[in-house]
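The values are calculated or read from the model by the stated rules, or taken from the named source; none is laboratory data. Source: prediction; values computed, not measured. Cβ: placed from backbone, ideal geometry, glycine included. Neighbour counts: every protein chain shown. Heads up: the accessible areas ignore ligands, DNA and RNA and are worked out on the full protein's heavy atoms, side chains in. Shrake-Rupley method; radii C 1.70, N 1.55, O 1.52, S 1.80 Å.
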Amino acid sequence: MSYIQFLGAAGTVTGSKHLISNSHDSAEQPTADAFQFLVDCGLFQGQKEWRLKNWTDLPVPARQISAVILTHAHLDHCGWIPRLYKEGFTGTIYATPATVDLCGIILPDSGYLQEEDAAFHNKQKSSKHAPAMPLYTMEEAQQCLSHFRATPFGETVQLAEGISFRFVRSAHILGAAMAEITLATNGTQRTLLFTGDIGRVRNNAIAPGKVVHSGPTEGESPDVLVMESTYGNRHHPHEDVLPEMAALINATVKRGGSVVVPAFAVERTQKFLFLLKDLMEQKLIPRVPVYADSPMGIHAVQIFLKHSEEFSPETKELIARHGTPLQWPGFHFASTAQESKRINESHFPSIIVSSNGMCMGGRIQHHLIQRLPDPRNLIMFIGYQAVGTRGRQIKEGAHEVKIFGEIVPVRAQVAALEQFSDHADVDELLEWLRTFTKTPQSTHIVHGEPDSAEALRQTIVAQLGWQVDKAKYMQKDEIL
Ligand SMILES: [Zn+2]
């Protein structure tokens with residue numbers, strides 16, 4: 001038999017990890033000719049009960065997993081790969097060329113943060129484990145990169161007898177793909193489609209600031225669909241975000257404050273910088289200094305520029321008009337800790353874009369400690385804030401937050417702009433499903449908070465009449 005087992009992003013929005021095995025026996029004792037592989041291998045983030053699972057072994061020993069098919073470079077999809085490698089994985093990781101490049105900066109950075117975190121707990125003696133260990137180190141993350149194989153969109157890869165796959169566009173972030181997998185045995189064939197994260201529609205008014213292709217691949221026809229549901233119960237606002245963004249920035253600068261924007265260094269930061277540039281050129285906001293404070297910032301922009309085949313028409317036009325972000329006057333990319341510190345000490349109005357996007361690590365923490373207590377400042381969220389993260393607490397109106405063991409009062413203005421999302425909302429998801437050329441035999445909802453996953457399940461059942469379930473953590477389903 002072949003089966004699929006949900007090892008993450010089931011009952012929660014992070015830790016995407018799905019095992020596919022053509023073992024004729026159980027996972028614990030696979031048959032000798034079994035081929036076992038993962039689709040995505042992400043970190044659990046957010047709530048502690050899920051984060052602790054990053055330390056749990058998989059039901060299949062890492063050395064028995066022959067491949068990972070990686071949909072995209074977000075940590076909740078790729079961030080457990082170095083741990084898999086550390087546990088004995090020696091197989092191949094297949095990803096699109098842009099995803100391979102992005103993982104080259106994201107995974108070592110994640111290892112660095114894991115080491116920093118462990119060192120912090122050791123210093124504070126705040127871990128039950130002595131000494132606290134990193135999940136993996138920067139060096140281990142670097143080593144696993146040699147196992148990546150760049151696989152262009154549309155190219156069919158034969159993994160083993162009767163098992164092949166290809167990447168199709170998901171339009172989520174640079175390099176993001178869905179994995180179309182074909183399993184065949186004894187003359188029977190099944191197609192599985194793993195959506196990864198699904199990007200937004202092809203409409204710049206509805207989904208502003210798209211820097212890469214938009215619109216997921218249409219006309220799919222899988223037998224089994226494994227689908228994300230991050231925004232399964234929500235509708236993105238349809239109003240143009242730029243006037244609101246300009247009004248918030250203008251009001252902050254007028255009262256002598258700075259704008260702090262927690263954003264992932266990859267994609268979201270580039271998208272935001274492009275919109276700032278646009279607003280400044282149109283003279284809708286003043287030309288205050290813009291700091292992209294992330295060690296990954298410059299690297300991410302370089303990778304972004306290298307993959308011009310993925311640009312949206314708007315991005316092409318902006319670069320043609322104004323050059324690359326690295327050349328824009330007034331835009332600064334901080335790479336050293338010293339440069340970061342200087343931004344921190346500045347008392348003049350500025351716009352600071354820093355990661356990580358959910359305020360759970362990285363340099364944004366220092367900017368928050370510095371800027372949260374002052375009511376002149378503005379914290380502007382432009383990304384999804386998962387339950388249990390510091391970003392979610394601030395967004396939901398917490399009066400204080402704890403950062404590096406310090407209680408920091410929240411007196412700054414807090415705003416959230418939802419239009420920047422790189423995830424399709426429920427209407428866009430349904431619009432995409434309606435392009436399918438046949439009804440899948442089964443649809444499994446993953447990668448959503450429980451309410452969101454359930455809402456999407458009910459909507460698909462009601463509107464399309466499909467057979468849909470919510471995948472549960474460790475649930476195993478026979479495919480063939
Ligand atoms: Zn993603």
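Pairing residues of the range 403-419 that are under 17 Å from ALA263 (Cβ atoms) with residues that are in a strand (DSSP E or B), at Cβ distances under 6 Å and at least 6 apart in sequence or on separate chains, gives ALA412/ILE379; VAL414/ILE379; ALA415/MET380; ALA416/PHE381. Taking residues in the range 461-472 that are in contact (Cβ under 8 Å) with a residue 12 or more places away in the chain, and partners anywhere that are in a loop (DSSP other than H, G, I, E, B), the pairs with Cβ atoms closer than 7 Å and at least 6 places apart or on different chains are TRP466/THR439; TRP466/PRO440; GLN467/GLN441; ALA471/ALA10; LYS472/ALA10; LYS472/GLY11.
State all residues of the range 59-106 that are of a type in the set (S, T, N, Q) and more than 16 Å from the ligand (Cβ to nearest atom); if no residue qualifies, say none. If the condition is that a residue be of a type in the set (S, T, N, Q) and more than 16 Å from the ligand (Cβ to nearest atom), then GLN64, SER66, THR90, THR92 are the ones that fit. Screening the candidates PHE272, PHE333 for the property of being in contact with a helix residue (DSSP H, G or I) (Cβ under 8 Å, 6 or more places away or on another chain), closer than 20 Å to ILE173 by Cα and surrounded by 14 or more Cβ atoms within 10 Å (Cβ to Cβ) yields one hit, PHE272. Against the numbered list (1) under 22 Å from HIS423 (Cβ atoms); (2) surrounded by fewer than 24 Cβ atoms within 10 Å (Cβ to Cβ), GLN64 comes up short only at (1).
Among the candidates PRO108, PRO134, the residue that is over 17 Å from LEU38 (Cβ atoms), touching an Asp or Glu at 6+ places or on another chain (Cβ under 8 Å) and not hydrophobic (A, V, I, L, M, F, W, C) is uniquely PRO134. Is it true that GLU244 is of a type in the set (Asp, Glu), open to solvent by 40 Å² or more (accessible area, probe 1.4 Å) and either within 16 Å of the ligand (Cβ to nearest atom) or more than 21 Å from ALA424 (Cβ to Cβ) (or both)? So GLU244 fits the description; yes. Among the conditions (1) out of contact with any helix residue (DSSP H, G or I) (no Cβ under 8 Å at 6 or more places or on another chain); (2) open to solvent by 30 Å² or more (accessible area, probe 1.4 Å), the only one that HIS213 does not satisfy is (1).
Given the condition basic (Lys, Arg) and surrounded by fewer than 17 Cβ atoms within 10 Å (Cβ to Cβ), answer yes or no: does some residue in the range 167-177 qualify? No; the residues of the range 167-177 include none that is basic (Lys, Arg) and surrounded by fewer than 17 Cβ atoms within 10 Å (Cβ to Cβ). Can you work out which of the residues in the range 189-201 that are within 30 Å of SER308 (Cβ to Cβ) and more than 14 Å from the ligand (Cβ to nearest atom) is surrounded by the most Cβ atoms within 10 Å (Cβ to Cβ)? Among those that are within 30 Å of SER308 (Cβ to Cβ) and more than 14 Å from the ligand (Cβ to nearest atom), it is LEU193. Taking each residue of the range 421-435 that is open to solvent by 10 Å² or more (accessible area, probe 1.4 Å) and looking for partners that are away from the ligand (no atom under 16 Å from the Cβ) and hydrophobic (A, V, I, L, M, F, W, C) with beta-carbon atoms closer than 6 Å, six or more apart or interchain, yields GLU428/VAL201. Cβ separations smaller than 8 Å between residues 6+ apart or across chains give the following pairs from the range 163-188 residues that are in contact (Cβ under 8 Å) with a residue 60 or more places away in the chain and within 16 Å of the ligand (Cβ to nearest atom) to residues that are part of a strand (DSSP E or B) and acidic (Asp, Glu): PHE167/GLU180.
Residues that are open to solvent by less than 10 Å² (accessible area, probe 1.4 Å) and modelled with pLDDT under 95 were ranked within the range 16-34; the one that is farthest from PRO59 (Cα to Cα) is SER23.
Helices (runs of 4 or more DSSP H) fully within the range 240-334 that include at least 3 residues being at pLDDT 90 or above and closer than 23 Å to PRO349 by Cβ: 241-254, 268-281. Kindly check whether there is at least one residue in the range 378-391 that is in a helix (DSSP H, G or I) and within 16 Å of the ligand (Cβ to nearest atom). Checking the range 378-391: at least one residue is in a helix (DSSP H, G or I) and within 16 Å of the ligand (Cβ to nearest atom). Would a scan of the range 138-161 turn up a residue that is in contact with a helix residue (DSSP H, G or I) (Cβ under 8 Å, 6 or more places away or on another chain) and within 16 Å of the ligand (Cβ to nearest atom)? Looking through the range 138-161, none of the residues is in contact with a helix residue (DSSP H, G or I) (Cβ under 8 Å, 6 or more places away or on another chain) and within 16 Å of the ligand (Cβ to nearest atom). Annotation: PRO409 fulfils all but one of (1) out of contact with any helix residue (DSSP H, G or I) (no Cβ under 6 Å at 6 or more places or on another chain); (2) under 24 Å from PHE272 (Cβ atoms); (3) open to solvent by less than 50 Å² (accessible area, probe 1.4 Å); (4) away from the ligand (no atom under 16 Å from the Cβ); the unmet one is (2).
Over 24 Å from ALA386 (Cα atoms) and either free of Cβ contacts under 8 Å to residues at least 60 places away in the same chain or of a type outside the set (A, V, I, L, M, F, W, C) (or both): which single residue out of ILE303, ILE285 fits that description? Within the list ILE303, ILE285, the selection yields ILE285. Cβ-Cβ distances below 9 Å connect the following pairs, each with a first residue in the range 67-94 that is within 17 Å of PRO134 (Cβ to Cβ), a second residue that is surrounded by fewer than 24 Cβ atoms within 10 Å (Cβ to Cβ) and of a type in the set (Lys, Arg), and a separation of six or more residues or different chains: GLU87/ARG63.
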